[in-house]
Amino acid sequence: MFESNIFFQDFSGILTVVPYTLGLALLILILGILIGGILTLIDQYKIPFLFQVAAVCLSFLRGTPLLVQLYLAYYGMPKLILFFAGLLNFKFDPNQFDPVITVIVSYSICFSAFQSEIIRGAFMSVSYGQIEAAHSLGFSSVQTLRRIVIPQAIIEALPNFLNSYLTIIKSLSLAFMVSVVDILAKAKLESALNFRYLESFAAAAAVYWLLCAMLTVVFRRYEQNIRKKA
Amino acid sequence: MLALKNIHKSFNDHEILKGIDLKINKGDVVTIIGPSGTGKTTLLRCVNYLEKPDEGEIAFSDFQLNYQSVKRKDILRLRRRTAMVFQQYNLFKNKTAIENVMEAQIVVQKKSKKAAYEKSLEELNRVGLADKLDAYPSQLSGGQQQRVSIARALAMEPEIILFDEPTSALDPELVGEVLNVIDQIARSGVTILLVTHEMSFAQNISTKIVFMDQGKIVEEGPPSQIFNHSREKRTKEFLSHFNSNYTKITTAK
Ligand SMILES: Nc1ncnc2c1ncn2[C@@H]1O[C@H](COP(=O)(O)OP(=O)(O)OP(=O)(O)O)[C@@H](O)[C@H]1O
Ligand SMILES: [Mg+2]
């Protein structure tokens, strides 16, 4: 049967890795936004060569499962780094390579595709008329971007970024596959000791649910606040 | 004070402006009328350099510019002397009414916040919106938004204000309040170049009417001439589609 004391024991055990998971997801979100921003720029300005490369990458990222990308990175990245280390003549030991770096890199790149989409949408949401109005008043392009376009684009993008944050938190459950300990991984470790799988996975589900529900409430409140201005 | 010389503009090999010459004196209210698609908007946009003419010149009393060899500095100079009021108002959505009016004073004219605020207050007062300083555009009616955008243009103290059909996006009951504001600033001596389909309004406030058709100025002269004693058949034909019914509303709110 369902042992509630084991459930709560697992629950509090899992809670200890929550800050780590939140931090990891935040780092991935920020890196994803940076890479996504660069992708958007390449796409908007149709920078030759890079533009085609980015299009192929985006198509790959959208067309393959995250788990497959993760495995690819896990087995491929150390080899790739080893290769470049050889070229540049510095020492690199693949056995010392922390898999969390694999997770950070592959997740950031994977989610950058979504962030790029969000950023593009946010910029498109600023009506061209406002940009013309700024120009007609004597704003330079940079001033228009800084004072008019970017502030509005951020307000537009933030709720979507926050949604991505939740998605990343949940997707990190796959990171167990490459031995990074997040919420789900912690649950598996807990159950490995006593074989109470149901309790520990129930505890993991509870933690995810609580976390996402709480963050959603906070984000909503925040969104309503900034929406008043738009 | 301002002269346009031989302005040409094409879009995709299709010539829209076929050599426009126009003189505007200080304090003039010049209204361009003409059929849809004739190039009225394009002409106004050329004056403000939102559109780059293929050929032509613009001359102010102390500053002249040939459109074929424009430098960035010239564009800024031109834009500082001209202000545009758009059909769709184009207010900055993330800024309140007063911030909309202050913004360019701070960014372009490098005024202090305080000076910009005081100037903006004065101009918003002038357009009758002293009680809406902190409203965002989404909280204002179309007529109020257009009046904010007029205040935004006035605050830059341009030598000329360009109005492109400032009332044609408005619900009929809001047209009056905006026309009244334009009427009032015209009387205060601001130089205006206006495009409108409000014929009786044009007849009322203009010092000069310009009738444009197919990228050319067909006829220009004082309102009485154009509306009552036009010499051109095309002008008469165009005007016969309109009947005059603008009556000044004295209580704009
Ligand atoms: N950016 C553009 N690219 C291509 N064609 C354009 C562009 N802007 C305007 N045109 C064309 O130029 C012509 C003149 O347009 P314009 O807007 O100046 O006319 P208008 O006299 O202001 O008409 P309306 O009374 O309907 O506002 C139109 O045929 C229009 O389709
Ligand atoms: Mg037009």
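General remarks:
- Residues located in the stretch A:176-230, provided they are free of Cβ contacts under 8 Å to residues at least 60 places away in the same chain, more than 30 Å from A:ILE148 (Cα to Cα) and either within 14 Å of another protein chain (Cβ to nearest Cβ) or not in a helix (DSSP H, G or I) (or both): A:PHE195
- Count of residues meeting criterion [within 14 Å of the chain's Cα centre (by Cα), within 14 Å of chain A (Cβ to nearest Cβ) and within 16 Å of ligand 1 (Cβ to nearest atom)] in the stretch B:147-184: 5
- Residue match in the stretch A:117-134 (condition: assigned to a helix (DSSP H, G or I), touching a residue at least 40 places away in the same chain (Cβ under 8 Å) and surrounded by 20 or more Cβ atoms within 10 Å (Cβ to Cβ)): yes
- Residue list for the stretch A:135-156, restricted to those being of a type in the set (Gly, Ala, Ser) and crowded, with 20+ Cβ neighbours inside 10 Å: A:SER136, A:GLY138, A:ALA153
- Residue within the stretch B:75-83 that is more than 15 Å from A:GLY138 (Cβ to Cβ) and either at the interface with another protein chain (Cβ under 9 Å from one of its Cβ atoms) or not acidic (Asp, Glu) (or both) present: no
- Only a single item in (1) within 16 Å of ligand 2 (Cβ to nearest atom); (2) assigned to a helix (DSSP H, G or I) is not met by B:ASN90, and it is number (2).
- A search for C-beta distances below 7 Å between a residue of the stretch B:234-249 that is within 14 Å of B:SER206 (Cβ to Cβ) and surrounded by 14 or more Cβ atoms within 10 Å (Cβ to Cβ) and any residue that is acidic (Asp, Glu) and modelled with pLDDT of 90 or more, counting only pairs 6+ apart in sequence or on different chains, returns B:TYR246/B:GLU198.
- In the stretch B:41-55, of all residues being away from ligand 2 (no atom under 16 Å from the Cβ) and under 20 Å from the mean Cα position of the chain (by Cα), the one that is surrounded by the most Cβ atoms within 10 Å (Cβ to Cβ) corresponds to B:PRO53.
- Any hit, the stretch B:58-76, residues being in contact (Cβ under 8 Å) with a residue 24 or more places away in the chain, within 15 Å of B:ALA153 (Cα to Cα), outside any helix (DSSP H, G or I) and within 19 Å of the chain's Cα centre (by Cα): no
- Scoring B:LEU194 on the criteria (1) buried (at least 21 other Cβ atoms within 10 Å of the Cβ); (2) more than 15 Å from ligand 2 (Cβ to nearest atom) leaves a single failure, condition (2).
- Looking only at the stretch B:8-38, residues that are farther than 15 Å from B:THR196 by Cβ, touching a Gly at 6+ places or on another chain (Cβ under 9 Å) and either within 14 Å of another protein chain (Cβ to nearest Cβ) or within 12 Å of ligand 1 (Cβ to nearest atom) (or both) come to 6 in all.
- Being more than 18 Å from the chain's Cα centre (by Cα), surrounded by fewer than 17 Cβ atoms within 10 Å (Cβ to Cβ), touching a residue at least 24 places away in the same chain (Cβ under 8 Å) and within 13 Å of chain A (Cβ to nearest Cβ) holds for only one residue in B:GLN105, B:GLN109, and it is B:GLN109.
The values are calculated or read from the model by the stated rules, or taken from the named source; none is laboratory data. Nothing here was measured: the structure is a model prediction, and the numbers come from that model. Quick reminder, even Gly has a Cβ in these numbers, built from the backbone with ideal geometry, and neighbours come from all protein chains shown.
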